[in-house]
Structures are given as structure tokens and as C-alpha cells.
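Before any comments, here is the structure.
The values are calculated or read from the model by the stated rules, or taken from the named source; none is laboratory data. Only a predicted model underlies this, so the values are computations on that prediction, with no experimental measurement involved. For neighbour counting, all protein chains shown are included, and Cβ atoms are generated from backbone atoms with ideal geometry for every residue, glycine included.
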Ligand SMILES: C[S@@+](CC[C@H](N)C(=O)[O-])C[C@H]1O[C@@H](n2cnc3c(N)ncnc32)[C@H](O)[C@@H]1O
């Protein structure tokens, strides 16, 4: 496949109604790994909010160039951003380790969706979870409480891809 054909295929398969919000994800390796996975799934826009005094840094050795193919937007006012996304018709889907969260496969990712990932140590702030329309969890049956955030993002994004493929949202 020529480079031009590859670009055309990537544009055809972009999921304009699927977006990702990285809320205070801090580790450059995690940010980069998530960007790479999101690009592979056709997520066109990634929004992020950094913690105070933590710069947004990515490693091109990890993204392998994926950061050039997604729109990266810094969000300075998380609350109004989430309101705006709601107004645009996105379901706000928080990811969190909570007993009342729904199994991630039981959420319908073919809907217009903003997936929200949280900080490596503290997860998502309570107010974000309260504001979300849904909270989803990836089941954990071992001894550790949570997955690495980039692994969790990959599991969730590929479930979104699976559901969307079934609905014909990836023309190929
Ligand atoms: C390492 S976890 C944070 C753990 C934190 N102690 C907590 O209780 O949320 C970092 C982020 O990865 C995602 N994550 C990790 N494991 C998950 C799981 N099993 N289900 C849903 N999201 C998960 C969430 O976005 C979470 O905010």
C-alpha cells in the first residue's frame, strides 16, 4: 500500500464521534502509549488536562509518529469542557475502579462517546465521576487493584473498535 493510500484509509476510518480525555495522566510514557493506541483505533481528537507543574511531554520513540496524526487539545477548564462535550451530544464515560461501575463491555461504544482516563495514582476526581453519564470498569480478578492507565485505555479502545466494526463504522 502506498503512503497516499495509507493516509486515505486512515481518514476513511476516523471515528469522529469517539474522543478521549486524559485527565491528569502524568507519565510521558503512558501519554505516548495512549496516543499511539488511539491513533490506531481512529480516534481523531485527544483532550488532556495536566496537573499543575507537570508539563505535557510525549516520547516520539513511543508514539512512533502517531502524535502527528491526532489532534491534541489542552483543556484548561475541565468543568466547562465536559459541559461543552455534553452539549455536543457526547456521552461522558468515566473509567474507574468502583463497585457501582458497569462492565466496560456492557456500554454501547457505538454511541457518541468521550472516554475519560484518570491519573496514575489517584484515578479520576470524584466530581468528574459524578458528572459522567456512565462509569465503566474492566474487571480485575487478581491481587492488584488496577491496570496501568495505558493498558486500560487500550483494552477499552479496542472494545470500542470491536463494537464499531460490527456496526460497519470502519469501512476499511
Ligand atoms: C492506575 S489507575 C488509578 C488507580 C487509582 N488508585 C484509583 O483508584 O482510581 C489509572 C487509571 O487507569 C484506568 N484504569 C485502570 N484500571 C482500570 C480498570 N480496571 N477499570 C477501569 N479503568 C481502569 C482509570 O482511568 C484510572 O483512573
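Among the numbered conditions (1) crowded, with 17+ Cβ neighbours inside 10 Å; (2) part of a helix (DSSP H, G or I), tell me where residue 7 comes up short.
Just one mismatch for residue 7, condition (1).
Every residue, every condition in (1) near the ligand (Cβ under 7 Å from one of its atoms); (2) surrounded by fewer than 18 Cβ atoms within 10 Å (Cβ to Cβ); (3) part of a loop (DSSP other than H, G, I, E, B), yes or no:
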{"site": "89", "(1), (2), (3)": "no, yes, yes"}
{"site": "92", "(1), (2), (3)": "no, no, no"}
{"site": "97", "(1), (2), (3)": "yes, yes, yes"}
{"site": "100", "(1), (2), (3)": "no, yes, yes"}
{"site": "110", "(1), (2), (3)": "no, yes, yes"}
{"site": "114", "(1), (2), (3)": "no, no, no"}
{"site": "121", "(1), (2), (3)": "yes, yes, yes"}
{"site": "128", "(1), (2), (3)": "no, no, no"}
{"site": "140", "(1), (2), (3)": "yes, yes, yes"}
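Residues are listed down the side, and each one gets a yes or a no for (1) farther than 26 Å from residue 87 by Cβ; (2) assigned to a helix (DSSP H, G or I); (3) without any contact (Cβ under 8 Å) to a residue 40 or more places away in the chain; (4) within 15 Å of the ligand (Cβ to nearest atom):
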| residue | (1), (2), (3), (4) |
| --- | --- |
| 144 | yes, no, yes, yes |
| 151 | yes, yes, yes, yes |
| 156 | no, yes, no, yes |
| 172 | yes, no, no, no |
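From the list 31, 82, which one is assigned to a helix (DSSP H, G or I), modelled with pLDDT of 95 or more, under 27 Å from residue 143 (Cα atoms) and under 15 Å from the mean Cα position of the chain (by Cα)?
After applying the criteria, what remains is 31.
Looking at the stretch 48-58, can you tell me whether even one residue there is at negative phi, within 16 Å of the ligand (Cβ to nearest atom) and in contact with a strand residue (DSSP E or B) (Cβ under 6 Å, 6 or more places away or on another chain)?
Yes: one or more hits.
Out of (1) in contact with a helix residue (DSSP H, G or I) (Cβ under 6 Å, 6 or more places away or on another chain); (2) within 25 Å of residue 91 (Cβ to Cβ), what's the single condition that is false for residue 67?
Result: residue 67 fails condition (2) only.
Looking at the stretch 20-31, which of its residues are more than 12 Å from the ligand (Cβ to nearest atom) and surrounded by 21 or more Cβ atoms within 10 Å (Cβ to Cβ)?
Passing the criteria: only 31.
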